[in-house]
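Reading through the C-alpha coordinates given below for one structure.
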Amino acid sequence: MDQKERMLKELPYKAWMDGLEEERMVCREKLYEFNHLHPREHHKLPEMMKNILGKTGETVNILPPFHCDYGYNIEVGENFFANYNFLVLDVAKVSIGNNVQVAPNVAIYTAGHPLHPEMRNTGYEYGISVTIGDNVWIGGNTVILPGVTIGDNAVIGAGSVVGKDVPADMLAVGNPLRIIREITEEDRPYYYKEREYDQESWQEIQDMLKTKDVSD
(Lines give C-alpha, C1' and ligand atoms only; values in the text may rest on other atoms or scores of the structure.)
Protein backbone atom coordinates (compact mmCIF):
# COMPACT_ATOMS: atom_id res chain seq x y z
CA MET A 1 0.00 0.00 0.00
CA ASP A 2 1.56 3.30 -1.04
CA GLN A 3 1.35 6.52 1.01
CA LYS A 4 -1.59 7.98 -0.95
CA GLU A 5 -3.59 4.81 -0.37
CA ARG A 6 -2.73 4.98 3.31
CA MET A 7 -3.79 8.63 3.45
CA LEU A 8 -7.15 7.94 1.81
CA LYS A 9 -7.78 5.00 4.16
CA GLU A 10 -7.18 7.29 7.18
CA LEU A 11 -4.05 5.37 8.17
CA PRO A 12 -0.74 6.93 9.28
CA TYR A 13 1.11 8.11 6.18
CA LYS A 14 4.07 10.22 5.03
CA ALA A 15 2.98 13.32 3.13
CA TRP A 16 6.13 13.79 1.03
CA MET A 17 6.15 10.35 -0.63
CA ASP A 18 4.52 8.56 -3.57
CA GLY A 19 3.55 11.65 -5.53
CA LEU A 20 1.64 13.46 -2.80
CA GLU A 21 3.89 16.53 -2.95
CA GLU A 22 3.33 16.71 -6.70
CA GLU A 23 -0.44 16.47 -6.26
CA ARG A 24 -0.39 19.31 -3.74
CA MET A 25 1.62 21.40 -6.20
CA VAL A 26 -0.99 20.84 -8.93
CA CYS A 27 -3.66 22.04 -6.50
CA ARG A 28 -1.61 25.08 -5.49
CA GLU A 29 -1.20 26.09 -9.11
CA LYS A 30 -4.96 25.93 -9.66
CA LEU A 31 -5.53 27.91 -6.46
CA TYR A 32 -3.01 30.52 -7.51
CA GLU A 33 -5.04 31.19 -10.66
CA PHE A 34 -8.27 31.20 -8.66
CA ASN A 35 -7.00 33.53 -5.92
CA HIS A 36 -5.40 36.01 -8.34
CA LEU A 37 -8.26 36.36 -10.80
CA HIS A 38 -9.13 39.97 -11.56
CA PRO A 39 -12.35 41.08 -9.78
CA ARG A 40 -13.98 41.89 -13.13
CA GLU A 41 -13.54 38.24 -14.09
CA HIS A 42 -15.02 36.77 -10.94
CA HIS A 43 -17.86 35.30 -12.98
CA LYS A 44 -15.30 32.61 -13.89
CA LEU A 45 -14.80 31.53 -10.26
CA PRO A 46 -17.56 28.88 -10.05
CA GLU A 47 -16.25 26.95 -13.06
CA MET A 48 -12.68 27.22 -11.77
CA MET A 49 -13.82 25.84 -8.42
CA LYS A 50 -15.51 22.90 -10.13
CA ASN A 51 -12.11 22.11 -11.63
CA ILE A 52 -10.50 22.11 -8.16
CA LEU A 53 -13.00 20.29 -5.96
CA GLY A 54 -13.85 16.62 -6.23
CA LYS A 55 -17.60 17.19 -6.53
CA THR A 56 -19.94 20.18 -6.48
CA GLY A 57 -23.55 21.05 -7.09
CA GLU A 58 -24.52 23.21 -10.04
CA THR A 59 -24.22 26.35 -7.89
CA VAL A 60 -21.00 26.81 -5.93
CA ASN A 61 -19.62 30.15 -4.77
CA ILE A 62 -16.33 30.45 -2.89
CA LEU A 63 -14.81 33.90 -2.54
CA PRO A 64 -11.04 34.14 -2.84
CA PRO A 65 -8.71 33.66 -1.15
CA PHE A 66 -9.37 29.96 -0.69
CA HIS A 67 -6.80 27.32 0.26
CA CYS A 68 -6.78 23.53 0.40
CA ASP A 69 -4.29 20.66 0.05
CA TYR A 70 -5.67 18.47 -2.73
CA GLY A 71 -9.12 19.68 -3.68
CA TYR A 72 -10.32 16.31 -4.92
CA ASN A 73 -11.08 15.23 -1.33
CA ILE A 74 -13.68 18.01 -0.94
CA GLU A 75 -17.29 17.43 -1.98
CA VAL A 76 -19.94 20.13 -1.65
CA GLY A 77 -23.64 19.98 -2.45
CA GLU A 78 -25.97 22.36 -4.25
CA ASN A 79 -26.02 26.06 -3.40
CA PHE A 80 -22.76 26.13 -1.45
CA PHE A 81 -21.29 29.47 -0.34
CA ALA A 82 -18.03 30.20 1.48
CA ASN A 83 -16.82 33.70 2.30
CA TYR A 84 -13.24 35.02 2.33
CA ASN A 85 -10.32 33.00 3.74
CA PHE A 86 -11.90 29.55 3.67
CA LEU A 87 -9.22 26.95 4.51
CA VAL A 88 -9.61 23.17 4.16
CA LEU A 89 -6.85 20.70 4.99
CA ASP A 90 -8.36 17.90 2.95
CA VAL A 91 -5.97 14.99 3.41
CA ALA A 92 -9.14 13.03 4.23
CA LYS A 93 -12.62 13.39 2.78
CA VAL A 94 -14.60 16.54 3.54
CA SER A 95 -18.27 16.05 2.65
CA ILE A 96 -20.57 19.09 2.76
CA GLY A 97 -24.29 18.98 2.01
CA ASN A 98 -26.74 21.27 0.25
CA ASN A 99 -27.45 24.91 1.16
CA VAL A 100 -24.42 25.29 3.43
CA GLN A 101 -23.13 28.78 4.26
CA VAL A 102 -19.62 29.40 5.55
CA ALA A 103 -18.62 32.77 7.03
CA PRO A 104 -15.13 34.35 6.70
CA ASN A 105 -12.02 32.78 8.20
CA VAL A 106 -13.43 29.30 8.68
CA ALA A 107 -10.98 26.39 8.77
CA ILE A 108 -11.70 22.68 8.40
CA TYR A 109 -8.88 20.41 9.51
CA THR A 110 -8.89 16.73 8.65
CA ALA A 111 -5.13 16.58 9.22
CA GLY A 112 -3.41 15.74 12.48
CA HIS A 113 -0.21 14.42 14.05
CA PRO A 114 0.50 11.84 16.79
CA LEU A 115 0.33 13.10 20.35
CA HIS A 116 3.59 11.51 21.52
CA PRO A 117 6.63 13.64 20.50
CA GLU A 118 8.83 10.76 19.35
CA MET A 119 6.02 9.32 17.25
CA ARG A 120 5.26 12.77 15.87
CA ASN A 121 8.91 13.22 14.86
CA THR A 122 8.80 10.09 12.69
CA GLY A 123 7.00 12.17 10.06
CA TYR A 124 3.86 10.10 10.12
CA GLU A 125 0.61 12.07 10.11
CA TYR A 126 -3.03 11.21 9.54
CA GLY A 127 -6.32 12.52 8.18
CA ILE A 128 -9.80 11.79 9.56
CA SER A 129 -12.84 12.77 7.52
CA VAL A 130 -15.26 15.61 8.31
CA THR A 131 -18.95 15.57 7.40
CA ILE A 132 -21.30 18.57 7.34
CA GLY A 133 -24.99 18.07 6.61
CA ASP A 134 -27.58 20.11 4.71
CA ASN A 135 -28.68 23.65 5.59
CA VAL A 136 -25.78 24.29 7.97
CA TRP A 137 -24.47 27.79 8.80
CA ILE A 138 -20.93 28.04 10.13
CA GLY A 139 -20.02 31.35 11.80
CA GLY A 140 -16.81 33.29 11.20
CA ASN A 141 -13.45 32.25 12.68
CA THR A 142 -14.71 28.75 13.41
CA VAL A 143 -12.30 25.80 13.42
CA ILE A 144 -13.64 22.30 12.69
CA LEU A 145 -11.33 19.50 13.85
CA PRO A 146 -10.71 16.01 12.40
CA GLY A 147 -13.46 13.41 12.64
CA VAL A 148 -16.33 15.82 13.33
CA THR A 149 -19.85 15.39 11.98
CA ILE A 150 -22.25 18.35 11.97
CA GLY A 151 -25.89 17.42 11.48
CA ASP A 152 -28.50 18.95 9.17
CA ASN A 153 -29.82 22.43 9.96
CA ALA A 154 -27.22 23.09 12.66
CA VAL A 155 -25.75 26.55 13.33
CA ILE A 156 -22.22 26.98 14.65
CA GLY A 157 -21.59 30.31 16.39
CA ALA A 158 -18.67 32.54 15.43
CA GLY A 159 -15.32 31.76 17.01
CA SER A 160 -16.17 28.17 17.87
CA VAL A 161 -13.75 25.25 17.99
CA VAL A 162 -15.73 22.20 16.93
CA GLY A 163 -14.03 19.13 18.34
CA LYS A 164 -17.10 16.94 18.80
CA ASP A 165 -20.16 16.01 16.78
CA VAL A 166 -23.08 18.42 16.63
CA PRO A 167 -26.54 16.83 16.28
CA ALA A 168 -29.04 18.04 13.70
CA ASP A 169 -31.13 21.14 14.43
CA MET A 170 -28.83 22.44 17.15
CA LEU A 171 -27.22 25.79 17.89
CA ALA A 172 -23.67 25.26 19.18
CA VAL A 173 -21.02 27.81 20.11
CA GLY A 174 -17.79 28.31 22.01
CA ASN A 175 -14.40 26.90 22.88
CA PRO A 176 -14.91 24.30 24.15
CA LEU A 177 -18.02 23.85 22.06
CA ARG A 178 -21.35 23.84 23.92
CA ILE A 179 -24.72 22.81 22.58
CA ILE A 180 -26.89 25.82 23.42
CA ARG A 181 -30.35 24.64 22.43
CA GLU A 182 -32.47 23.08 19.71
CA ILE A 183 -33.55 25.19 16.72
CA THR A 184 -37.37 24.98 16.48
CA GLU A 185 -40.37 26.47 14.66
CA GLU A 186 -40.44 29.22 17.30
CA ASP A 187 -37.29 30.63 15.66
CA ARG A 188 -38.98 31.05 12.27
CA PRO A 189 -40.33 34.65 12.67
CA TYR A 190 -36.94 36.10 13.74
CA TYR A 191 -34.05 37.07 11.49
CA TYR A 192 -31.73 38.25 14.29
CA LYS A 193 -32.19 37.55 17.98
CA GLU A 194 -35.57 39.18 18.84
CA ARG A 195 -35.92 41.14 15.59
CA GLU A 196 -38.86 39.89 13.55
CA TYR A 197 -39.14 39.93 9.76
CA ASP A 198 -40.96 42.99 8.49
CA GLN A 199 -44.23 42.48 6.64
CA GLU A 200 -42.74 42.91 3.17
CA SER A 201 -39.96 40.34 3.62
CA TRP A 202 -42.24 37.97 5.53
CA GLN A 203 -44.81 37.97 2.71
CA GLU A 204 -42.10 37.40 0.10
CA ILE A 205 -40.79 34.44 2.08
CA GLN A 206 -44.29 32.94 2.36
CA ASP A 207 -44.75 33.27 -1.39
CA MET A 208 -41.38 31.64 -2.02
CA LEU A 209 -42.23 28.73 0.26
CA LYS A 210 -45.61 28.24 -1.43
CA THR A 211 -43.90 28.14 -4.82
CA LYS A 212 -41.39 25.60 -3.52
CA ASP A 213 -44.17 23.39 -2.13
CA VAL A 214 -45.90 23.41 -5.51
CA SER A 215 -42.70 22.56 -7.39
CA ASP A 216 -41.92 19.74 -4.97
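What the table shows:
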{"item": "Search result, residues across region 1-52 that are hydroxyl-bearing (Ser, Thr, Tyr), within 22 Å of the chain's Cα centre (by Cα) and more than 14 Å from residue 64 (Cβ to Cβ)", "result": "none"}
{"item": "Residue, farthest from residue 102 (Cα to Cα), within region 146-164, restricted to residues that are hydrophobic (A, V, I, L, M, F, W, C) and crowded, with 18+ Cβ neighbours inside 10 Å", "result": "148"}
{"item": "Selection count where residues are loosely packed, with under 14 Cβ neighbours inside 10 Å and aromatic (Phe, Trp, Tyr), scope region 4-33", "result": "2"}
{"item": "Filtered residue count, region 72-122, keeping only those that are acidic (Asp, Glu) and buried (at least 19 other Cβ atoms within 10 Å of the Cβ)", "result": "1"}
{"item": "Qualifying residue in region 198-216 (condition: among the aromatic types (Phe, Trp, Tyr), in a helix (DSSP H, G or I) and farther than 26 Å from residue 73 by Cβ)", "result": "yes"}
{"item": "Close pairs from region 1-18: first assigned by TED's automatic domain parsing to the domain that holds residue 94 and at positive phi, partner surrounded by fewer than 16 Cβ atoms within 10 Å (Cβ to Cβ) and outside any helix (DSSP H, G or I), Cβ under 7 Å, at least 6 apart", "result": "18/2"}
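The values are calculated or read from the model by the stated rules, or taken from the named source; none is laboratory data. The structure presented is a predicted model; accordingly, all values stated were derived computationally and were not measured. Methodologically, a virtual Cβ is constructed for each residue, glycine included, from the backbone with ideal geometry; neighbour enumeration extends over all protein chains shown.
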